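The structure appears below as structure tokens.
The values are calculated or read from the model by the stated rules, or taken from the named source; none is laboratory data. As the structure is a computational prediction, the values presented were derived from the model and not from experiment. Ideal geometry is used to build each Cβ from the backbone, glycine not excepted, and the neighbour counts take in all protein chains shown.
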Amino acid sequence: MSLGREDLIHSLAKSMGMGDAQKAKYTAGKYNAETGNIFCNGHVITKNTIEQSRLYFLNQYRKLAGRDDEGSKDLANIYEVALEAINMMVDSGKPDTP
């Protein structure tokens, strides 16, 4: 019997002691440009929550980007990646403008 990739990952996780923590399988999220919602792992992330997340990452990035220590700059880069990913996802649903 051939295992799919996802089944193999869950089987490996179970063998490493993850047990029941792996019962809920991960599914890739889908962004609905019409509603502005994300559908993933069996639940909906609303447009409002996405906007709150975007603002959170923007504020965290702004707080840390100007600091003069390496740890803050590294963390600022992580926040910037999350912010840009959200912006790219939302922008992908917008119609192209000439």
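Looking at Lys94, Lys73, Lys63, which is the one that is in contact (Cβ under 8 Å) with a residue 24 or more places away in the chain and over 16 Å from the mean Cα position of the chain (by Cα)?
Numbers: Lys73 fails: in contact (Cβ under 8 Å) with a residue 24 or more places away in the chain; Lys63 fails: in contact (Cβ under 8 Å) with a residue 24 or more places away in the chain.
Every option except Lys94 fails the conditions.
In the range 1-94, counting only helices (runs of 4 or more DSSP H) that sit wholly within it, the ones holding 3 or more residues that are modelled with pLDDT under 80 span 5-15.
Taking first residues from the range 31-53 that are closer than 14 Å to Asn87 by Cα and partners that are among the charged types (D, E, K, R), the Cβ contacts under 8 Å between residues at least 6 apart in sequence or on separate chains come to Ala33/Lys94; Gly36/Lys47; Asn37/Lys47; Ile38/Lys30.
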